[in-house]
Amino acid sequence: MNVAHRIALALALILIAALARGDDNGMMCIAAGDMPFDASAECFATTTTARIAVQPSKEKRRFVWTSPARQDLVLGVILPGDQEVVFADTRRGVMQLDLTGSPHRDWPAKSTLQLTERDLGRWTFTLDEKQVVTAVTLHLPRGVYDLVVTAAGHRVMKHDGLKIAATNAQPEKIKLTLASSMRVIATIAAAGNPVAWAKVIADCDRPLCESAVDGRVRCDVPDPPPRMLCIEQAQFGRRRILIDSSRLDIDLGTVELTRSSTLIVERPPHIELPAETRVTLFRARPSSRPAEIAKRPLD
C-alpha cells in the first residue's frame, strides 16, 4: 500500500471513528436524479455505524448523511441494486466549508448549497442557522465540483473548479464571505390606510415580494440590481419609482397608491390590423417626451 492510499485509509478510519461515537442517530436522506434534498427526499434516522442499509432501486440515486452533531456531512451515490452505503470508502475526499455573511442581513441565516460534479450529478441541500456558525466538514466523492451558495439577504456566491482528491493529506479548506444584497423597505398605503398584498416588481418585470397586511414591505433583491421599482395592487394604480442601483439599503418610506381606472380598447370589426399589433398608453408631460405607462397586445 503506497503512502497516498494509507493517507486516504486513515481519513476514512477517522470518519468511521467519528460516526461511531455515542448512541445518537444521524440522518440519511436519499434523492433520485438531481432532485434537491428537501421535503420530497426520503429521510430516515440511522444508527452511527459505518454501514447503512437502503432499499435497492433500479435507478442511480444520491444521498446526504448528516452526523448527530450536524457538522459532518457525507455525500455519495447509490448505484442501481445497491442495498447498503459503506462509509469506509477511500475514494472520498474531505472539504471544510466556512461561511460568513453580513450581520446587517440577519446572519447567520439558512444557506442552500448546490454542489455539482459533471459525472456524478448535483447535490442541493440546506444548512440551518446553527450549522453555518462554524465550519462544516463535507466528505464527498473525488471529482471537480462547482459550488453555489444562496442565503437570504446575500448575493449568490459561486465557486467553480473545486478539486476534491481522495489522497488529500489535509481537508480542502474553503472560506467564503457572502456579500449583502440590495434590500428594499417601504410602507404601502392609500389615503393613509395600509395596503396589503401590493406587489413590488424590479424594473417592472421581476416580481420580488408583496406587502404584509399592515402594508409593510421588506424585499431582498437578487442580482442584477434594478434601476426602477414598480409597486402595484389590483385595486390601485401602479407607481414607478427610480432608485439608485448602487445602494444596498433602499428605504422608500410611505408609498401612496391611488385608485386605478380600467381603459378598454376594442378593434372595430370592419378594420383589419397586422398580427401582433400593440396598444401603448402614454402620460403626457409638457416639458419632455410622453412617458409610457403600459403596452398591451390588441387581440
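The values are calculated or read from the model by the stated rules, or taken from the named source; none is laboratory data. Remember, predicted model here, so these are calculated numbers, not experimental data. Counting neighbours? That spans all protein chains shown, and the Cβs are built from the backbone with ideal geometry, glycine included. Side chains are part of the model used for accessible areas, which takes the heavy atoms of the whole protein and leaves out ligands, DNA and RNA. Shrake-Rupley method; radii C 1.70, N 1.55, O 1.52, S 1.80 Å.
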Review point. Going by alpha carbons, how many degrees (0 to 90, nearest 10) lie between the helix axis of 3-20 and the longest principal axis of the chain?
Key: 80
Revision key, fill the gap. Residue span Glu129 to Thr177: 0.36 nm per residue of separation minus Cα-Cα distance leaves a gain in nm of 15.8 nm
Exercise for review: Provide the gained length on full extension for the span Ala45 to Asn193, in nm with one decimal, where the gain is 0.36 nm per separating residue minus the Cα-Cα distance.
Suggested key: 48.2 nm
**Study point:** Point-to-point label distance, Leu298-Asn25, nm (Cα→Cβ direction, 7 Å offset)
**Key:** 6.7
**Study point:** Entries in Lys58/Lys173; Lys58/Lys130; Lys130/Lys163 that, when Cα-Cα distance is taken, lie over 31 Å
**Key:** Lys58/Lys173; Lys58/Lys130
Check your understanding: Using unit Cβ charges (K, R positive; D, E negative) and no other charged atoms, how large, in debye to the nearest 20, is the dipole of the chain about its Cα centre?
Key -> 600
Point to revise | CD proxy at 222 nm, helix term only [per DSSP H run n ≥ 4: -39500 (n - 2.57); per residue of the chain; nearest 500] | key: -2000 deg cm²/dmol
Review point. How much of the accessible area of segment 128-192, probe 1.4 Å, is carbon plus sulfur, in whole percent?
Key: 54
Check your understanding: Heavy-atom accessible area of Thr100 with all protein chains present, probe 1.4 Å, nearest 10 Å²?
Key -> 50
Exercise for review: Taking 7 Å along the Cα-to-C-beta vector as the label spot, tell me the His159-Gln55 distance in nanometres, rounded to one decimal.
Suggested key: 3.6
Check your understanding: PRE reach from Arg247 (point 7 Å along Cα→Cβ): which of segment 150-191 fall under 18 Å by backbone N?
Key -> 180-188
**Study point:** Estimated inter-spin distance, Met35 and Thr277, nm [label 7 Å along Cα→Cβ]
**Key:** 5.0
Point to revise | Accessible area of segment 104-227 divided out per residue, in Å², using a probe of 1.4 angstrom | key: 51
Practice item. Rounded to the nearest Å, what's the spacing between the alpha carbon centres of segment 32-89 and segment 136-195? Just the number, please. Key: 23
